Each structure stands twice: as C-alpha cells, then as structure tokens.
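A quick write-up on the structure given underneath.
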Amino acid sequence: MVTVYVISRRRDYPRQPVAGLVAIAQRGAASSGSTADASHYRGKRSPAVYLPTEAGAVAALYSFIAGKLIYRELSWRDAAQALVRAAQGTATVMVILGASSIFAWIVADLRISHSVAAFIFELSKEPWLVLLVINLFVLLVGLFMDPLAALVILVPVFLPTAVEIGIDPIHFGIIIVINLMIGLCTPPVGYLIYLSATIAETRPETVIRESLPFLAALLIALLLCIFIPPLTLTLPGLLNN
C-alpha cells in the first residue's frame, strides 16, 4: 500500500472523490449479478470445495454466463478472442514451466538441496542466521524453479533440522512461501512477469521495470517476517489457543 501511494503521488495519478455509503451500496447491487453466493452451502453435509484450478474453471464459466445472459455485453467474437488470449498466456507459462522442470530434476538428481542443507546447519546453530541463509538459498532457487517443485524438493530436507534448532514450523513455512512467491515475479523464470506482459499486451522488460519498487517492498516484508517472528506467529497462536 505504501509503495502504491508513493508511486501514485510521484506520477500524479488522477484521484476520485471518496464514494459515500449510498454509492457503494448502489455499485454493490449493480455488480451482484457477477458475484456467486456460496452461502447456501453452509450447513449441508457435503459442502462444495474447489481446488484453485477447478475454481478458475467455474469462475470462467460463470463469467461467460453473466456476460452473455445477465449483462448481455459479451459477444461470441469477444468470447473467442478471450479464449485465444488465454491460450497464448497459458502457452507462454507452460514453456517456462518446462524449462523450470528440467532444473528441478537436476537439483533433485544431484541432491544439491541435501548438500546445501548439510552446509547450512554445520555453519551455525543460531536460528536467525540459519533461517537467513536458508532464505537466500530458497530465493535463489525460486528464480529458476517452479514453486510446487521447490516445495516438494526443499521442505522435506530443511524443515526437520530447522525445527530441531528451534525454528517454528509455521514461521518457516510462511517464509518459504514468501520466498517462492517473490521468485515468481523475478527473471529469468518468473512466469508471472510473462503472464502479466501477455495480459497487458506489453514487453516483459516493461513489466520488470515497473515491478522493481514492488519487489523491493516484498523483500523488506520478507526481512521483517524473518527477524520479527510475532508478525507471522501471533495470529496462529491466538487461533490455537
């Protein structure tokens, strides 16, 4: 939010007056047709549960129905063009994932993660230092590897020993996920860059340049989470109690 505010002020983006409660209610009512209400699942014995891919498919189908039958603003030509753009974006991501999978196979086959883990835990027993070094390694791996593959390869190697030296598993997990998320936004793999460039119909170099302030903000947030564990552990602690 701070990054968005600073950029908006420096570039003098146009500002709109604050909407009142009446305007918010009117806009909410106008957009209600494009919002699926899942409240009717509550209390049933078998509530509907979607995985992310399934949820995306359901959302796409519902968006088509809303645009075609409710708002009547979506033409068959627009739908066909949207499918073509989606196919182009998917193809871009899949090519990058293919290259990332090769790197993941090399890391797993050569047991690089095991060697790095042994080196890190021999280096120091201080939890904060171990966590910092693990983060640097995971951040580097995230530049070249798909997050799911990285989680499967790295977490079983690092987590047991990290817990032994006093690192909370929730703290460890959140930080690993943040690291890999940052990797999705950074070259050379960073397929979110190429997906964003495809959606915005611009060059990846432009997306990278514009995302640098946000990457800096993410790195600052990561460091805060590393060195101030209550930021990640307070809420889970309250829920567990």
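Things worth noting here:
- So PRO160, is it surrounded by fewer than 18 Cβ atoms within 10 Å (Cβ to Cβ) and not in a helix (DSSP H, G or I): no
- Search result, residues across the range 51-61 that are open to solvent by 80 Å² or more (accessible area, probe 1.4 Å) and either more than 27 Å from MET145 (Cα to Cα) or outside any helix (DSSP H, G or I) (or both): LEU51, LEU61
- Taking first residues from the range 90-104 that are in contact (Cβ under 8 Å) with a residue 12 or more places away in the chain and partners that are assigned to a helix (DSSP H, G or I), the Cβ contacts under 6 Å between residues at least 6 apart in sequence or on separate chains come to THR92/TYR194; THR92/THR198; VAL93/TYR191; VAL93/LEU195; ILE96/TYR191; ALA104/ALA149.
- Condition met for ILE170 (under 25 Å from VAL207 (Cα atoms), in a helix (DSSP H, G or I) and modelled with pLDDT of 85 or more): no
- All of THR202, THR206, THR198 fail the test of being more than 21 Å from ASN135 (Cβ to Cβ), outside any helix (DSSP H, G or I) and β-branched (Val, Ile, Thr), apart from THR202.
- Hits in the range 70-98 (condition: open to solvent by less than 60 Å² (accessible area, probe 1.4 Å), closer than 30 Å to VAL152 by Cβ and either modelled with pLDDT under 80 or not aliphatic (A, V, I, L, M) (or both)): GLY89, THR92, VAL93, ILE96, LEU97, GLY98
- Of everything in the range 106-136 that is outside any helix (DSSP H, G or I) and open to solvent by 90 Å² or more (accessible area, probe 1.4 Å), the residue that is modelled with the lowest pLDDT is LYS125.
- Of all residues in the range 188-210, those that are without any contact (Cβ under 8 Å) to a residue 12 or more places away in the chain have Cβ atoms under 8 Å from Cβ atoms of residues that are outside any helix (DSSP H, G or I) and of a type in the set (A, V, I, L, M, F, W, C), 6 or more apart or on another chain, in LEU192/LEU184; LEU192/CYS185.
- Only listed residue being open to solvent by less than 60 Å² (accessible area, probe 1.4 Å), at pLDDT 75 or above and hydrophobic (A, V, I, L, M, F, W, C), chosen from ALA29, ALA23: ALA23
- Odd one out for ILE167 among (1) surrounded by fewer than 16 Cβ atoms within 10 Å (Cβ to Cβ); (2) over 30 Å from ALA87 (Cβ atoms); (3) touching a Pro at 6+ places or on another chain (Cβ under 8 Å): (1)
- Of all residues in the range 173-194 being more than 22 Å from GLY237 (Cβ to Cβ), under 13 Å from the mean Cα position of the chain (by Cα) and in a helix (DSSP H, G or I), the one that is modelled with the lowest pLDDT: TYR191
- Single residue of ILE134, ILE70, ILE120, ILE112 found to be under 22 Å from the mean Cα position of the chain (by Cα), on the phi < 0 side of the Ramachandran plot and of a type outside the set (Gly, Ala, Ser): ILE134
- Of all residues making up the range 195-232, the number that are open to solvent by 60 Å² or more (accessible area, probe 1.4 Å) and at negative phi: 16
- The residues of the range 1-20 that are in a loop (DSSP other than H, G, I, E, B) and loosely packed, with under 11 Cβ neighbours inside 10 Å, listed by number, are MET1, ARG11, ASP12, TYR13, PRO14, ARG15, GLN16, PRO17, VAL18, GLY20.
- Residues of the range 139-149 include at least one that is within 29 Å of TRP105 (Cα to Cα) and free of Cβ contacts under 8 Å to residues at least 24 places away in the same chain.
The values are calculated or read from the model by the stated rules, or taken from the named source; none is laboratory data. All of these numbers come straight from a predicted model, not from anything done at the bench. Note that we place each Cβ from the backbone using ideal geometry, even for glycine, and neighbour counts take in every protein chain shown. Note: accessible area is taken over every heavy atom of the protein model, side chains too, but ligands, DNA and RNA are not part of it. Shrake-Rupley method; radii C 1.70, N 1.55, O 1.52, S 1.80 Å.
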